[in-house]
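What follows is one structure encoded as structure tokens, with my remarks underneath.
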Amino acid sequence: TGEFVVGRRGGRAAACGGVLLLDAERAELTRVFVRPAFRGTGGGEALLSALEDAARRLGARRMVLNTRLDLVGARALYARQGYREIPAYCEGPYMEIWYGKELLPREGSTAA
């Protein structure tokens, strides 16, 4: 029902994040974190790419996520990677803004 990814740089854990299937075609991005020492190095983009690939392997065609408004850097990363604000799809503490993105097949992919 999901996958968890740990990104490493120089053998050290630098970032992590999870993908959780919500239904047959939609996955949620969750627990995304890049250690402060590794921010601004391209690790966030690489992590999101790996998580999107994991979601595709699980059969998802759309990725959604929720976050807090004060996480400005994370929100900027999501926007740069093509995530757009969507209506709330869930409720809970620390959920203040929601994003979504269509997961197009990768170039050279055999996925339908």
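Odds and ends about this structure:
- Most fluctuating residue given options 82, 43, 17, as computed from a GNM of the chain linking Cα atoms under 10 Å: 82
- Residue by residue, segment 39-47 carries 3J(HN,Hα) couplings of 6, x, 10, x, x, x, 5, 5, 4 Hz when phi is fed to the Karplus relation 6.51 cos²θ - 1.76 cosθ + 1.60 (θ = phi - 60°); x denotes Gly or Pro.
- Charge tally in the Cβ shell below 9 Å around residue 96, where Lys, Arg are +1 and Asp, Glu are -1, residue 96 excluded: 0
- Among 56, 31, 12: highest mean-square fluctuation, GNM of the chain, C-alpha pairs under 10 Å: 12
- Most fluctuating residue given options 30, 67, 41, as computed from a GNM of the chain linking Cα atoms under 10 Å: 41
- Rh by Kirkwood over Cα pairs, then Stokes-Einstein D for segment 2-102 at 1.002 mPa s and 20 °C, µm²/s: 156 µm²/s
- Lys/Arg +1, Asp/Glu -1 at C-beta; segment 1-70 dipole; positive extreme among 63, 40, 10: 10
- Using a Förster distance of 35 Å, the FRET efficiency for residue 1-residue 46 (Cβ separation, nearest 0.05): 0.90
- Think of it as helices only: each DSSP H run of n ≥ 4 in the chain is worth -39500 (n - 2.57), and spread over all residues that comes to -6500 deg cm²/dmol at 222 nm.
- For the chain, the relative contact order comes to 22 percent (Cα pairs under 8 Å, sequence separation of at least 6).
Quick note: the coordinates plus some simple rules give every number you see, no bench work behind them. Quick caveat: nothing in here was measured; it's all calculated off a predicted structure. Methodologically, a virtual Cβ is constructed for each residue, glycine included, from the backbone with ideal geometry; neighbour enumeration extends over all protein chains shown.
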